[in-house]
Amino acid sequence: MHVFLSVGEPSGDEHAAALMRHFRSREPGVRFSGFGGPEMQSQGLDCLFQLTDLAVMGIDQILPLIQKFRSLVQKAEEFFHRERPDAVVLVDFPGFNWWVARAAKRANVPVYYYCPPQLWAWAPWRIRKARRLIDCVLSVLPFEAEWYQSRGVDVEYVGHPFFDEVAEHPISPDEIQSLRRDGKIHLGILPGSRKQEVLRNFPVMLNVIEELSGKHPNLRCMVACYKEWHFEKCQELLDKYETSLPVDLYLDRTSAVIESSDCCLMVSGSVSLELLARKTPAVVMYRGSLMTYILATALLTVEFMSLPNLIAGRELMPEYPVVRSRSRYIREMTKDLDQLISNPEDLNAMKSEISNLADQIVEVGGLARAAEVLHNRLRKAESSGERKRAA
């Protein structure tokens, strides 16, 4: 059996690597090929190109890479016709993966979308594209599965991989103790997983930290750096800062930082589900380009940008889409965090609300279910094909 995967996000790289591991437990001889990242390669991916190096967001970041993306799609289509994989599995990264889906359909290869694009949140008319190009959506959120199903898309709800990853990697009391300091207020800082997110958002976060540290001398900020590049860039931005700030950088310890923090300041993204699962309060921000903001304003059909708020249908975690005038947003985010830090009752109230939502929505086993659904469907297609050849 041969499965081709296309994954462009660092978080998707982790999810897909775990999916590969679960799938191989059902099909030990499976061959995996495609576009992905280092985590997938560690699970045996025959990598045609390390797509996670091109993880960008926003039209202004995508345009310079258009020719590169086009050449990769052409490479994928040639590969589909030559190697005839049994399925193409897409994970998030819709701007590019829609084109991979088209190439697969032209080669008559079935397409599965795991962690599908959030069409329910913005530009929902793209559902026509999903019906045309996707054979089955492996949905990770209950309301998302209902949305796709009601619009005529073949969908199976499997559950979100983040919840599995939290359950599989509990943070020990000793590890929490190693991060926390007596008498300190611990604020987790999550500057995003994409390079451009770090460059745009971390300087604003440093401004907020400066304001907060002036109000709280016992503040300690723990920055969760996703990869070595992010660590180096955060250190470089921190070194340029004129004021000495109570900041420590940690590499590849995001889960421990989340678990050890009293609350967090985070860049909006799928990691918000880990905060939900670990029941950690947060203030959410996202600073993109002006063009990204204009497009989002025109295309968004939902009220919130973070998944916990979308799931709850209300603002559990304060949100700030930071655009041009940074000073107002810095003041408001500082005020919200100051309130959480200064008032244990407010912090506990948010934690209680997040815990109640987590108890309703968090369930483990999503990765195993996704692998099972995919394996069963491919085995069924294989058996059907053999019966047709025998007839």
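The values are calculated or read from the model by the stated rules, or taken from the named source; none is laboratory data. Since the structure is predicted, the reported quantities are computational estimates derived from the model, not experimental observations. All Cβ positions, glycine included, derive from the backbone under ideal geometry; neighbour counts span all protein chains shown. Heavy atoms of the whole protein, side chains included, go into the accessibility calculation; ligands, DNA and RNA do not. Shrake-Rupley method; radii C 1.70, N 1.55, O 1.52, S 1.80 Å.
Summary table below
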{"item": "Principal axis box of segment 42-163, alpha-carbon based, largest edge first, Å", "result": "35, 35, 31"}
{"item": "Net charge over other residues, Cβ less than 15 angstrom from the Cβ of Glu242 (K, R count +1; D, E count -1)", "result": "-3"}
{"item": "Sulfur and carbon atoms: percent of accessible area, the chain [1.4 Å]", "result": "49"}
{"item": "Exposure of Lys233 as accessible area (Å², to 10), given a probe of 1.4 Å and all protein chains", "result": "40"}
{"item": "Per residue value of the accessible surface for segment 116-227 (all protein chains in place, 1.4 Å probe), Å²", "result": "41"}
{"item": "DSSP-assigned coil residues among GluC sites (Glu not before Pro) in segment 310-369, each with at most 16 further Cβ atoms within 10 Å", "result": "Glu315, Glu363"}
{"item": "In Å, descending, principal axis extents of the Cα set of segment 163-264", "result": "40, 33, 18"}
{"item": "Among the listed pairs Lys184/Lys227; Lys184/Lys335; Lys240/Lys335; Lys215/Lys335; Lys184/Lys351, those beyond 22 Å (Cα-Cα)", "result": "Lys184/Lys227; Lys240/Lys335"}
{"item": "D_trans [Stokes-Einstein, Kirkwood Rh over alpha-carbon pairs] for the chain, 25 °C, 0.890 mPa s, µm² s⁻¹", "result": "112"}
{"item": "Other-chain or far-sequence residues with amide H under 5 Å of Ile185's (modelled H)", "result": "Leu219, Arg220"}
{"item": "Stokes-Einstein diffusion coefficient of segment 1-112, Kirkwood radius over Cα pairs, 10 °C, 1.306 mPa s, in µm²/s", "result": "114"}
